[in-house]
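Note sheet for the following structure.
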Amino acid sequence: MNSQWQRFRNRLHEIVFESDTLAGRAFDVTLLFLIVLSVLAVILESIPSLTKPYGPLFDRIEWVFTILFTLEYVLRIISIRQPLRYVFSFFGLVDLLAILPSYLGLFLFGAHELAAVRILRLLRIFRILKLGEYTEAASVLAYSLRESRAKITVFFVAIFTLVITLGAMMYVVEGHANGFQSIPLSIYWAVITITTVGYGDIVPSTPMGKFIATIIMLLGYVIIAVPTGIVAVSLTNANAGRKQEISTQACPNCSRQGHDPDAVHCKYCGAKL
């Protein structure tokens, strides 16, 4: 009996977590289709002209998707030897977030709770995050961002220091008379200027203030290119380093992916693949 259950669970794991078989690819494609449709339904439900005549239909459609995603969530838990590793993983939490709002809405009643229900229903839009699990490019992008996090952190610290300094300068130069009523408000102006947004709600009036504003605007164009270059280099290195990593094998113990094609054991938990 145990051997039959183990064979069933191994087969289920191949279908649910891996995509190197016909059944696995069919499962992934079907799930992608359902995710896109469910997010589209949430978007359409927010349109007042559609909600009034088709509100009950949207509710029924939502429950169909909720039941299907719940079934998927249960199957993933069953197919893993250590279910808690999957439950508390990033994609495990995303899968839970995809079904939790509908069930919580059943237990929240009253006038005050209605606002909370609306917020919970909006969380269904995060089902789009489930798409990342089935896109190799998403894992490459995540890998490149992790590799460049130190450089990006230093970059943002430098920008944070710069906008505080420039904001304080504009507060001193322009002052209350020209709309720069506090240093935080001046920092806000520096941020929207250096990012080239420029709402125009606060405008420098003095010659010195306009000169500083011009310098900040020119710096903005230079600054925009810096994080783009950092991520671009990391993406290039990530693609070069992951050309041989073509395995779609998912660990049957912890559900983690990203193993080398010749890997025998999971590099995260040590279980045999």
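The numbers here are math on the coordinates, done by the rules we state, and not lab data. It should be emphasised that the depicted structure is a prediction, and the values quoted were computed from it without experimental measurement. Ideal geometry is used to build each Cβ from the backbone, glycine not excepted, and the neighbour counts take in all protein chains shown.
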Return the distance in nm (one decimal) between the two label points of a simple spin-label model at Phe156 and Ile215, each offset 7 Å from Cα along Cα→Cβ.
2.6 nm
Work out how much length Leu50 to Ala142 would gain on full extension: take 0.36 nm times their residue separation and subtract the Cα-Cα distance, in nm to one decimal.
29.4 nm
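Can you tell me the FRET efficiency between Leu40 and Leu84 if r is taken as the Cβ-Cβ distance and R0 is 51 Å, rounded to the nearest 0.05? Each step should come with its number before you reach the end.
Details: r = 33 Å, r/R0 = 0.64.
Efficiency for this residue pair is about 0.95.
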Please give the length that would be gained between Trp63 and Val264 if that part of the chain were fully extended, namely 0.36 nm times their separation in residues minus their C-alpha to C-alpha distance (nm, one decimal).
68.3 nm
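Full-extension gain between Tyr199 and Arg9, please, as 0.36 nm times their residue separation minus the C-alpha to C-alpha distance.
Working: separation 190, 0.36 × 190 = 68.40 nm, distance 5.73 nm.
Length gained between Tyr199 and Arg9: 62.7 nm.
Where does each of Tyr171, Tyr188, Tyr103 land when they are ranked from fewest to most other beta-carbon atoms within 10 angstrom? Display every interim value, and only then the final one.
Details: Tyr171 20, Tyr188 17, Tyr103 11.
In order of increasing Cβ crowding within 10 Å: Tyr103, Tyr188, Tyr171.
Just to confirm a number: summing +1 for Lys and Arg and -1 for Asp and Glu over residues other than Thr193 whose beta-carbon lies under 12 angstrom from that of Thr193, what do you get?
Working: positive: Lys210; negative: Asp201.
Charge balance in the 12 Å sphere: 0.
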